[in-house]
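Colleague: Pasting in a structure now, in structure tokens, and then I'll have a few things to ask.
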Amino acid sequence: MTIPTTGAFSPANEAEFLRETERARLRALVSADIDRAQHFHAPDFQLITPIGVALSKQDYMGAIASGQLKYLAWQPGDIAVRLYEGGAVLRYSAQLEVVFGGHKVPLRDYWHTDTYEHRDGHWMVVWSQATAIR
């Protein structure tokens with residue numbers, strides 16, 4: 001798995017770079033590659049799950065590393081990107097299948113909103129929220 005690299009700056013190039021970064025992050029999470037996944041998540045990362053639970057980076061990475069949380073599939077649709085000075089917001093729908101605490105949650109649709117910040121020379125996700133589509 002490679003980490004995307006950015007070329008000449010333009011808003012279109014940066015938006016595509018962020019899309020590729022998000023896809024690489026999802027691949028790392030699905031494959032439970034914690035070393036790779038750590039790179040994409042800011043130290044102060046926080047996930048708000050579809051059931052409203054807030055997880056810190058440590059909690060989230062720990063749950064994946066222990067097998068408490070196992071992604072079986074995470075298939076993003078088109079990823080919309082809004083760029084701001086030093087930050088970006090990504091939003092997309094995705095099909096997600098997961099096992100949490102030994103209970104399989106079947107494949108279903110979710111909205112994802114991720115806030116990225118450009119820190120220490122690369123983009124990192126800071127906040128992430130998933131909402132089930134009913």
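Colleague: Starting from the Cα gyration tensor of the range 9-88, take the square roots of the eigenvalues, sort them a ≥ b ≥ c, and report rounded, prolate or oblate (rounded when a/c is under 1.5, otherwise prolate if a/b is larger than b/c, else oblate).
Modeller: The shape class here is prolate.
Colleague: Then there is this: Of HIS118, HIS112, HIS103, how do they rank once you tally other Cβ atoms within 10 Å and put the fewest first?
Modeller: So the residues, fewest neighbours to most, are HIS103, HIS118, HIS112.
Colleague: Where Rh is the Kirkwood radius over the Cα pairs of the chain, the temperature 4 °C and the viscosity 1.567 mPa s, what D in µm²/s does Stokes-Einstein return?
Modeller: For the chosen part, D equals 86 µm²/s.
Colleague: Using Cβ counts within 10 Å as a stand-in for footprinting exposure, how do ASP109, ASP35 rank, fewest first?
Modeller: Neighbour counts put them in this order, fewest first: ASP35, ASP109.
Only the coordinates and a few stated rules stand behind these numbers; no lab work does. These figures come from a predicted structure and were not determined experimentally. Glycine gets a Cβ as well: all are built from the backbone with ideal geometry, and neighbour counts include every protein chain shown.
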